[in-house]
Amino acid sequence: MSLAQRPLWEREELRAVAGETLRPGGFTLTDRAAERIGLVPGQRVLDVGAGLGATVARLRSRYGVRAWGVEPSADQLSRADGQPGLVRGCGDRLPFRSGTFDALFCECVLSLFDDRPRGLAEFYRVLKPGGFLVLSDLCASGPLAGSGASCADRAAPLDETARLVRDGGFTIDVLEDHSAHLRDLAARLAWTGEGASCGCGRGLGYFLMIAQKQGAD
Ligand SMILES: C[S@@+](CC[C@H](N)C(=O)[O-])C[C@H]1O[C@@H](n2cnc3c(N)ncnc32)[C@H](O)[C@@H]1O
């Protein structure tokens, strides 16, 4: 794949402005969710679409949890530079047993899934009953924005994502608009000529959702 064809999250322009977290808001929404769900040391947490492993490292160091990350891109994993807990895999076929995790984070990734209901079914499977799903992602103001490789091209309307999450067996506890983080990242990317790649001027927003798997042990 040529450099020009690379998705935004594999390009230096994004890393230069966003750092190790390849998403709007950096750790702000990660920490907001971790505190809201009350992560405690020793719990098992999975980050799907872990990128460079920043969230896995953050959850381990700040909350004392046992955290793993799943990431399909060899490029991302090679740049993660041997960080512990990262395994190669796809979010819709997770290499973990059912009922393993107390919480699952999926930050700026779900919109990239070809089959989001299947991905959500995998999230449900690997979570323990009562486990938390933390989703942050782009959302579109209308029907799917497109079918290209970038998050901005594939963002879905928020009510559609919420319906899929509920249909997947979760109850939604928190649903918040954090579009200001997207505007901030787009503004910083604009200096590199990449503002449009993350939704600048395309009517997109950014949300945080916290949902809980239903069912008893
Ligand atoms: C915008 S980046 C976000 C990375 C990381 N969550 C972060 O916020 O720093 C999107 C990531 O999702 C990964 N990805 C794409 N399709 C995926 C899939 N089907 N399952 C899991 N991860 C996927 C990409 O390789 C990329 O690392």
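The values are calculated or read from the model by the stated rules, or taken from the named source; none is laboratory data. From a predicted model like this one, the values you see are computed outputs, not experimental measurements. For neighbour counting, all protein chains shown are included, and Cβ atoms are generated from backbone atoms with ideal geometry for every residue, glycine included. In case anyone asks, the SASA skips ligands and DNA or RNA and just uses the protein heavy atoms, side chains included. Shrake-Rupley method; radii C 1.70, N 1.55, O 1.52, S 1.80 Å.
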task: Sort through Leu144, Leu189, Leu135 and tell me the only one that's modelled with pLDDT under 90 and open to solvent by less than 10 Å² (accessible area, probe 1.4 Å).
output: Leu189
query: Does region 55-71 hold any residues that are part of a helix (DSSP H, G or I), more than 16 Å from Ile37 (Cα to Cα) and away from the ligand (no atom under 12 Å from the Cβ), and which are they?
result: Ser61
statement: Going through region 38-67 in order, the residues found to be open to solvent by 70 Å² or more (accessible area, probe 1.4 Å) and touching an Asp or Glu at 6+ places or on another chain (Cβ under 7 Å) are Arg44
- request: State whether the residues of region 11-21 include one that is more than 9 Å from the ligand (Cβ to nearest atom), open to solvent by less than 20 Å² (accessible area, probe 1.4 Å) and closer than 18 Å to Cys108 by Cβ.
  value: no
- request: Only residues that are open to solvent by 30 Å² or more (accessible area, probe 1.4 Å) and at pLDDT below 70: list them for region 198-214, please.
  value: Cys200, Gly201, Arg202
- request: Answer yes or no as to whether Val45 is more than 22 Å from Asp153 (Cβ to Cβ), assigned to a strand (DSSP E or B) and of a type in the set (Val, Ile, Thr).
  value: yes
field: Filter result (among the hydrophobic types (A, V, I, L, M, F, W, C) and either free of Cβ contacts under 8 Å to residues at least 12 places away in the same chain or closer than 27 Å to Leu112 by Cα (or both)) within region 40-57
entry: Val45, Leu46, Val48, Ala50, Leu52, Ala54, Val56, Ala57
field: Residues located in region 81-121, provided they are within 13 Å of the ligand (Cβ to nearest atom), open to solvent by less than 30 Å² (accessible area, probe 1.4 Å) and within 14 Å of Leu59 (Cα to Cα)
entry: Leu104, Phe105, Cys106, Glu107
- request: Could you tell me which numbered condition Ala74 fails, if it satisfies all but one of (1) in contact (Cβ under 8 Å) with a residue 40 or more places away in the chain; (2) among the aliphatic types (A, V, I, L, M); (3) more than 8 Å from the ligand (Cβ to nearest atom)?
  value: (1)
field: Check on Val45, in contact with a helix residue (DSSP H, G or I) (Cβ under 9 Å, 6 or more places away or on another chain) and farther than 21 Å from His181 by Cα
entry: yes
- request: Scan region 107-141 residue by residue and report those that are touching a helix residue (DSSP H, G or I) at 6+ places or on another chain (Cβ under 7 Å) and either acidic (Asp, Glu) or part of a strand (DSSP E or B) (or both).
  value: Glu107, Phe132, Leu133, Val134, Leu135, Ser136, Asp137, Leu138, Cys139
task: Check region 167-176 and report whether any residue there is open to solvent by 50 Å² or more (accessible area, probe 1.4 Å), farther than 20 Å from Ser111 by Cα and modelled with pLDDT of 85 or more.
output: yes
